[in-house]
Amino acid sequence: MLCFVVAVSDGDTLTARCDASGASAPIKVRIAAIDAPERKQAYGPQARANLVHLCARQQATIEPLATDAYGRTVANVRCGSTDVATAQVSAGLAWVYTQYAKNHPHLPALQRQARESGTGLWSQPRPLAPWDYRRRYQQRR
């Protein structure tokens, strides 16, 4: 469905309106097959900034796949002609979420390429995956 991106939360989540009149309620969309660093995590701000650059205040094609535990629409997202998951992984600004990437067989190779070239978060000696970051820092609350 064709939508208009009205906000970007972080490197893998955005909010869009999918009604041409703008009267519909906005939907929160989690980009399928990737997991970007959290906002307070290393490279979190860069991941968000790149998604803003790719999608903010632009038309997006959103292909819903599921609804996650937080009520977000999990979807394949294209902003203009750019596949957002591909762009974030190639830029070293997201990990491939392997267990959810079966329909995205090109992503692991792009991640390997970014890692080998030290692009983005892969420039760190020991980058911390977002799922490990959440587990580590959400337990301290």
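The values are calculated or read from the model by the stated rules, or taken from the named source; none is laboratory data. Quick caveat, the model's predicted, so the values are computed rather than measured. All Cβ positions, glycine included, derive from the backbone under ideal geometry; neighbour counts span all protein chains shown.
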Pick from the stretch 75-101, criterion buried (at least 19 other Cβ atoms within 10 Å of the Cβ) and of a type in the set (Val, Ile, Thr), ranking: farthest from ASP35 (Cα to Cα) | VAL77
State which residue is surrounded by the most Cβ atoms within 10 Å (Cβ to Cβ) when the search covers only the stretch 18-37 and only residues that are of a type in the set (D, E, K, R) and at pLDDT 95 or above.
-> ARG30
How many residues, within the stretch 102-140, are closer than 25 Å to LYS40 by Cα and in contact with a helix residue (DSSP H, G or I) (Cβ under 7 Å, 6 or more places away or on another chain)?
-> 8
Residues of the stretch 57-70 being at pLDDT 95 or above and of a type in the set (Gly, Ala, Ser), in sequence order, are ALA60, ALA66
Mind checking whether some residue in the stretch 5-12 is over 11 Å from the mean Cα position of the chain (by Cα), outside any helix (DSSP H, G or I), on the phi < 0 side of the Ramachandran plot and crowded, with 16+ Cβ neighbours inside 10 Å?
-> yes
Do we find that ALA56 is farther than 23 Å from ALA101 by Cβ, surrounded by fewer than 17 Cβ atoms within 10 Å (Cβ to Cβ) and touching a strand residue (DSSP E or B) at 6+ places or on another chain (Cβ under 6 Å) in this structure?
-> yes
When you scan the stretch 38-53, how many residues do you find that are among the basic types (Lys, Arg) and surrounded by fewer than 17 Cβ atoms within 10 Å (Cβ to Cβ)?
-> 2
Counting only residues that are of a type in the set (A, V, I, L, M) and in contact with a Ser or Thr (Cβ under 8 Å, 6 or more places away or on another chain), which one in the stretch 37-62 is nearest to ALA109 (Cα to Cα)?
-> LEU54
